[in-house]
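Accompanying notes for the structure given below.
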Amino acid sequence: MSAQTSLLERHATLNALQKAAAVLNWDRQVGMPPGGAAARTAHVGQLARLAHELATSDELAALLERAASEAEPGSDDAATVRVLQREAELQRKMPRALVVEKAAVSSEAYEVWKAAREAADFAPMEPYYARLFDIAGRTAEALGYEEHVYDPLLDLFEEGAKTSDARKMFETIQPPITAMVRRIQEAGPNVDDSFLEGPWDDQVLRGAMERILQGIGFDFQSGRLDVAPNAFCSNFSVSDVRMTTRPASHLKGIVFSSLHEMGHALYEQNSPKEWDRQPLCGGISLGIHESQSRLWENIVGRSPFFWNWALPFLQEAFPGRLDVGPERFAAAVNKVEPGPVRIGSDELTYNLHIQVRFELECDVLTGQVRVRDLPDAWNAKMERYLGITPPHDGLGVLQDVHWSRGSIGYFPTYAMGNLIGGQVWQALKQDLPQAEEGMAQGDFKPILGWLTEKIYRQGKRFTPKELLVRVAGSEMRADAWLGYAQAKFGC
């Protein structure tokens with residue numbers, strides 16, 4: 001038996017452990033009764049321990065060394081070794097106790113977060129945030145860094161990215177975004193989007209979105225859409241990809257969170273079936289992944305061309321409630337207005353929300369902000385970048401699930417996804433100049449086919465930077481997205 005075959009067999013066991021934990025976490029957020037929380041925390045901790053033991057074993061290290069010597073440069077086998085070597089190296093640097101601790105604390109923190117957000121009460125979450133930021137700091141120390149403590153945390157989500165890259169990104173996009181928002185506000189009057197206000201029947205709206213997602217290309221024989229407190233996408237195989245969407249009083253809640261998660265789901269569903277459950281299967285990084293969710297949610301999903309086709313599905317679901325045309329509907333869902341909540345915010349101010357979170361994560365990790373002072377620090381940055389102060393912590397520092405999961409380092413990938421999505425769309429339009437006219441008639445096959453060929457079927461064969469260069473001709477840059485935004489909003 002070749003080293004590559006033995007390596008894939010060993011990885012199959014690791015993959016099963018990881019997906020078992022993912023199923024438990026999906027169920028925790030979708031269907032688990034409250035009484036199951038303690039047992040679920042214990043189960044997830046044990047699975048994390050077993051996965052870490054396998055990933056750091058001497059047997060796996062030996063197989064990786066043999067497979068590396070046998071793999072032909074540039075082959076899929078070589079790419080498989082590269083992916084597994086990176087993961088094994090990261091895991092070997094992490095103390096097992098720290099891995100188990102993070103799994104347990106983040107699992108328990110999620111239940112506390114749901115109640116704390118609902119009550120707009122920061123106090124119950126303060127000790128959990130303190131522990132999870134401490135775990136993040138110890139993780140950074142274990143992984144090692146040369147420039148900034150945030151570097152290894154960001155690298156976990158976007159391979160090769162550094163804190164300096166994120167800072168440069170925000171320094172590049174924040175001034176023109178702020179200028180565009182100001183010009184839109186000065187031009188007034190504001191777009192009337194009052195007809196999007198609820199209440200809306202969550203299940204009826206979910207049903208309408210299922211029809212829309214299926215029309216775009218999501219396969220419901222290999223996936224599902226549920227309503228949960230927060231929107232996310234989980235995949236357990238190419239043929240089992242699960243999305244959740246979030247309820248809200250505003251129509252944009254379920255509609256755009258569904259389109260966002262569909263972008264993630266299409267990436268996973270269209271990974272090569274022959275790679276299913278193997279190291280090369282699935283998205284290469286969170287920045288690339290978010291480029292797809294933001295592209296489908298915003299560039300496609302907020303286009304009047306899209307709503308020419310999709311609006312009748314909503315009108316049929318809610319007779320008499322959406323008696324508007326696609327142009328007016330698109331104008332309403334594209335309304336630019338600073339608000340306290342990231343999810344559901346417009347395309348321009350969204351990036352400023354991400355900047356707030358990135359800077360706070362860096363400030364806490366470097367000791368410039370104490371966890372107990374996060375609510376005030378949050379509000380101060382919201383006032384600085386968006387000119388508003390959240391009315392309470394439920395719409396402020398508690399609004400996101402990420403910190404309760406210990407996902408510190410994740411947030412910049414959303415803004416990176418916006419920029420990368422702009423580059424990808426620019427390249428797509430060069431090849432498919434009639435893409436928008438096609439979507440107006442409900443023909444998404446050219447768009448989905450192009451993205452599948454260029455990105456989804458590539459899996460993890462290339463690094464994120466290599467893939468983006470192949471697709472868009474350069475590494476991440478801001479000009480494509482800024483040009484798109486300026487053209488769209490007329491400024």
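Cβ separations smaller than 6 Å between residues 6+ apart or across chains give the following pairs from segment 389-406 residues that are closer than 18 Å to T245 by Cβ to residues that are in a loop (DSSP other than H, G, I, E, B): Q399/V341; V401/N230; H402/Y410. Restrict the check to segment 434-441 and report whether at least one residue is among the acidic types (D, E), under 23 Å from C281 (Cα atoms) and open to solvent by 10 Å² or more (accessible area, probe 1.4 Å). The answer is no; no qualifying residue exists. Every condition in (1) aromatic (F, W, Y); (2) open to solvent by 20 Å² or more (accessible area, probe 1.4 Å); (3) not in a loop (DSSP other than H, G, I, E, B) is met by F220 except one, and the failing one is (3). Scanning segment 274-296 for residues that are surrounded by fewer than 24 Cβ atoms within 10 Å (Cβ to Cβ) and either of a type in the set (D, E, K, R) or at positive phi (or both) returns E274, D276, R277, G282.
Sort through G301, G367, G339 and tell me the only one that's farther than 30 Å from G137 by Cβ and either surrounded by fewer than 20 Cβ atoms within 10 Å (Cβ to Cβ) or among the hydroxyl-bearing types (S, T, Y) (or both).
On the way: G301 fails: either surrounded by fewer than 20 Cβ atoms within 10 Å (Cβ to Cβ) or among the hydroxyl-bearing types (S, T, Y) (or both); G367 fails: farther than 30 Å from G137 by Cβ.
Criteria check complete, one pass: G339.
Look at L352 and say whether it is open to solvent by less than 20 Å² (accessible area, probe 1.4 Å) and either of a type in the set (F, W, Y) or within 28 Å of H392 (Cα to Cα) (or both). Outline the logic, then answer.
Working: open to solvent by less than 20 Å² (accessible area, probe 1.4 Å): yes; either of a type in the set (F, W, Y) or within 28 Å of H392 (Cα to Cα) (or both): yes.
Judged against the criteria, L352 is a match.
Residues of segment 372-409 that are out of contact with any Asp or Glu (no Cβ under 6 Å at 6 or more places or on another chain) and hydrophobic (A, V, I, L, M, F, W, C): L374, A377, W378, A380, M382, L386, I388, L395, V397, L398, V401, W403. For Q430, the criteria (1) of a type outside the set (A, V, I, L, M); (2) surrounded by fewer than 20 Cβ atoms within 10 Å (Cβ to Cβ); (3) touching a Phe, Trp or Tyr at 6+ places or on another chain (Cβ under 6 Å) hold in every case but one, which is (3). Each residue in segment 105-136 was checked for being modelled with pLDDT of 95 or more, open to solvent by 20 Å² or more (accessible area, probe 1.4 Å) and within 20 Å of A48 (Cα to Cα), and 3 of them qualify.
Can you find even one residue in segment 108-116 that is closer than 25 Å to E158 by Cα and within 24 Å of the chain's Cα centre (by Cα)? Before you say what the answer is, go through the steps one by one.
From segment 108-116, those closer than 25 Å to E158 by Cα are 109-110; that's our starting set.
Narrowing the set further to residues that are within 24 Å of the chain's Cα centre (by Cα) leaves 109-110.
Checking segment 108-116: at least one residue is closer than 25 Å to E158 by Cα and within 24 Å of the chain's Cα centre (by Cα).
Against the test of being part of a helix (DSSP H, G or I), in contact (Cβ under 8 Å) with a residue 60 or more places away in the chain, buried (at least 24 other Cβ atoms within 10 Å of the Cβ) and of a type in the set (S, T, Y), the options S271, S257 yield a single qualifying residue, S257. Within the option set A79, A16, being open to solvent by 50 Å² or more (accessible area, probe 1.4 Å), farther than 25 Å from A136 by Cβ and of a type in the set (A, V, I, L, M, F, W, C) holds for one residue only, A16. Look at F170 and say whether it is open to solvent by 30 Å² or more (accessible area, probe 1.4 Å), in contact (Cβ under 8 Å) with a residue 24 or more places away in the chain, in contact with a Phe, Trp or Tyr (Cβ under 9 Å, 6 or more places away or on another chain) and within 22 Å of L374 (Cβ to Cβ). No: the conditions fail for F170.
Can you pull out the helices (runs of 4 or more DSSP H) entirely within segment 1-70 that have at least 2 residues that are in contact with a Pro (Cβ under 8 Å, 6 or more places away or on another chain)?
Working: elements: 3-30, 37-55, 58-70.
Ranges flagged: 3-30.
Here the condition is being out of contact with any Ser or Thr (no Cβ under 7 Å at 6 or more places or on another chain), of a type outside the set (A, V, I, L, M) and under 26 Å from E436 (Cβ atoms); of D373, D323, D363, it holds for D323 alone. For D193, state whether it is in contact (Cβ under 8 Å) with a residue 12 or more places away in the chain and over 30 Å from L98 (Cβ atoms). In short, yes.
The values are calculated or read from the model by the stated rules, or taken from the named source; none is laboratory data. These figures come from a predicted structure and were not determined experimentally. Virtual Cβ from ideal backbone geometry, glycine too; neighbours counted across all protein chains shown. To get the accessible areas, we keep the full protein, side chains included, count just its heavy atoms, and leave off ligands, DNA and RNA. Shrake-Rupley method; radii C 1.70, N 1.55, O 1.52, S 1.80 Å.
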